[in-house]
Amino acid sequence: MADAFKIEFQSPAMPEGGDLVVFVAEDLEPGPTAKDILGDAVGLIARAAKAERFKGKARSAMTLAAPAGLPVDRLIVVGIGGGAQGEPFDFVTLGGVVAGKVAGREATAIAEFPGLEAGVEEIAETTLGARLRAYSFDRYKSKKGKKKDADEENGETGGKLIVGCADPSATKKAAKIREGLAQGVALARDLVNEPGNVLGPVEFAAKAKELEKLGVEVEILDEKQLGKIGMRALLGVAQGSERPARVAIMRWNGGGKKDKPVAFVGKGVVFDTGGISIKPAGGMEDMKGDMAGAACVVGLMHALAARKAKANVIGAIGLVENMPDGKAQRPGDVVETLSGQTVEVINTDAEGRLVLADVLTYVREQYEPAFMIDLATLTGAILVALGQDHAGLFSNDDALAERLAAAGKATGEKVWRMPLGPAYDKMIESKIADMKNVGGRNAGSITAAQFLKRFVEDTPWAHLDIAGTGMAAPQSEISRTFGSGYGVRLLDRLVKDHYEG
């Protein structure tokens, strides 16, 4: 967790001890305030840069230990490159770079970025990046010394960052808003990182229930209630596990009484063996993260409530464990969904779509939302198509898809729109039921989305396949653990830009 990492704000000044962080562009010149603070020692930067071949490129850094003439332990020079160059500068990642360099220490950063327009909001973005980088997941490490060494190597431990800026009060206020967002991302990461023996459906639902402390209304539906409602597809996935299924419905009522809610639905398969269609053993341990979609929804609801978003928002997650057992669902079974449509289960490892089908139907019928967005680590096929840089985006609504794409570009949580159409829909036709749950080897992520589309009717809808981005994603300057928390910042930005007020 990043709780031990503290951020404070003050007017720019030379610290007595600790680290001093300054920023330079490719000309290696710090800004005027940093120059005044450094005084004659400013020449150290050019001399050290020549020796270290430091060019001031974006996200690069150079450390000068015990710099002559300065009362600090280290002078850290961070490059910002040649400016924005037509694209918005990524201040969040810059904050991650700083946190990585000063891990476990006390540091003062002079928030002055030569060549860039950076006010209160941009500086606050760097603090968000610093908090995201400071996150770690080490609660199961027993050898504290080794844990501390490993965390400091990755920039994932405590410490304090003092931000020297022109308006400390306003910057602190802007950073506070983002602190709730960072907490939401950290919550999502925690859920994905937890091992399967610790986090079952009941325990996951209890985590969602804790959002009531922030003013979120939370309803937990147990197996008896789910059976009465008619969520037979979801319960079919869960029937091979000793752990009972749950559905958590979270409601944040920050908008007007007459405003339609917007809805986010998450796949929450807390561990996925594949069921009777069992997965290979290699890499199966990663299937503790097959609930990253549900984790994102819980983290998002935390972030929205923490900043008191002026919107009505529904978060719904279907929580099951997919296990092989004498009671487990079999390939060839036919199940009736909550919608009344029937599904021939060809492959029990295509279980997430069965869970989502019932939850999407329930949300659509109960709340009549303005739109529904579901998130799921749904298919390996999306990894083949897009790798781990983009999530797959499928939608029946162009405006919603465009807004998601814009939010992805703004936050760095990128999406790429994939096709839908009758030819793909035909691939999931069944000879004995309304549809089958897989369409064959080709276009696997698309046919999965076509399956979900059959349960949304005319509601504007988007599906995000986050199999490549929600878990085991490549490490970055702001994400260093198995669980990335992907989607929390993306969807918070979507709500903020288009659905508040």
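The rows are residues; the columns are (1) touching a residue at least 12 places away in the same chain (Cβ under 8 Å); (2) in contact with a strand residue (DSSP E or B) (Cβ under 6 Å, 6 or more places away or on another chain); (3) open to solvent by 50 Å² or more (accessible area, probe 1.4 Å).
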residue: Ala385; (1), (2), (3): yes, no, yes
residue: Asp389; (1), (2), (3): yes, no, yes
residue: Ala407; (1), (2), (3): yes, no, no
residue: Arg417; (1), (2), (3): yes, yes, yes
residue: Lys426; (1), (2), (3): no, no, yes
Looking at this structure, is Lys55 at pLDDT 95 or above, outside any helix (DSSP H, G or I), basic (Lys, Arg) and farther than 30 Å from Arg189 by Cβ? yes
Condition check for Thr447: part of a loop (DSSP other than H, G, I, E, B), within 20 Å of Ser339 (Cβ to Cβ) and either over 24 Å from the mean Cα position of the chain (by Cα) or among the aromatic types (Phe, Trp, Tyr) (or both): no
Just to be sure before I move on: is Pro460 touching a strand residue (DSSP E or B) at 6+ places or on another chain (Cβ under 9 Å) and closer than 23 Å to Val363 by Cα in the structure I sent? yes
Among (1) under 26 Å from the mean Cα position of the chain (by Cα); (2) part of a loop (DSSP other than H, G, I, E, B) - the single one Ser241 does not satisfy: (1)
Does Gly100 satisfy the criteria of being touching a strand residue (DSSP E or B) at 6+ places or on another chain (Cβ under 9 Å), among the small types (Gly, Ala, Ser) and in contact (Cβ under 8 Å) with a residue 24 or more places away in the chain? yes
Considering only region 176-217, state which residues are of a type in the set (Val, Ile, Thr), open to solvent by less than 20 Å² (accessible area, probe 1.4 Å) and farther than 18 Å from Met250 by Cα. Val192
Yes/no for Thr469 being surrounded by 24 or more Cβ atoms within 10 Å (Cβ to Cβ), in contact with a Phe, Trp or Tyr (Cβ under 8 Å, 6 or more places away or on another chain), polar (S, T, N, Q) and part of a loop (DSSP other than H, G, I, E, B): yes
Could you tell me whether Met435 is open to solvent by 10 Å² or more (accessible area, probe 1.4 Å) and more than 22 Å from Met284 (Cα to Cα)? no
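Residue by residue, here is whether (1) part of a helix (DSSP H, G or I); (2) within 11 Å of Leu20 (Cα to Cα); (3) open to solvent by 30 Å² or more (accessible area, probe 1.4 Å); (4) not aromatic (Phe, Trp, Tyr) holds:
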site: Val92; (1), (2), (3), (4): yes, no, no, yes
site: Gly100; (1), (2), (3), (4): yes, no, no, yes
site: Thr108; (1), (2), (3), (4): no, yes, no, yes
site: Glu117; (1), (2), (3), (4): no, no, yes, yes
site: Glu121; (1), (2), (3), (4): yes, no, yes, yes
site: Glu125; (1), (2), (3), (4): yes, no, yes, yes
site: Leu132; (1), (2), (3), (4): yes, no, no, yes
site: Ser142; (1), (2), (3), (4): no, no, yes, yes
What number goes with the only condition from (1) more than 21 Å from Glu87 (Cβ to Cβ); (2) assigned to a loop (DSSP other than H, G, I, E, B) that Ile382 does not pass? (2)
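The values are calculated or read from the model by the stated rules, or taken from the named source; none is laboratory data. Bear in mind the structure is a predicted one, so any value in this text is a computation, not a measurement. Backbone-built Cβ (ideal geometry, glycine too); neighbour counts: all protein chains shown. We work out accessible area using only protein heavy atoms, side chains counted, and drop any ligands, DNA or RNA first. Shrake-Rupley method; radii C 1.70, N 1.55, O 1.52, S 1.80 Å.
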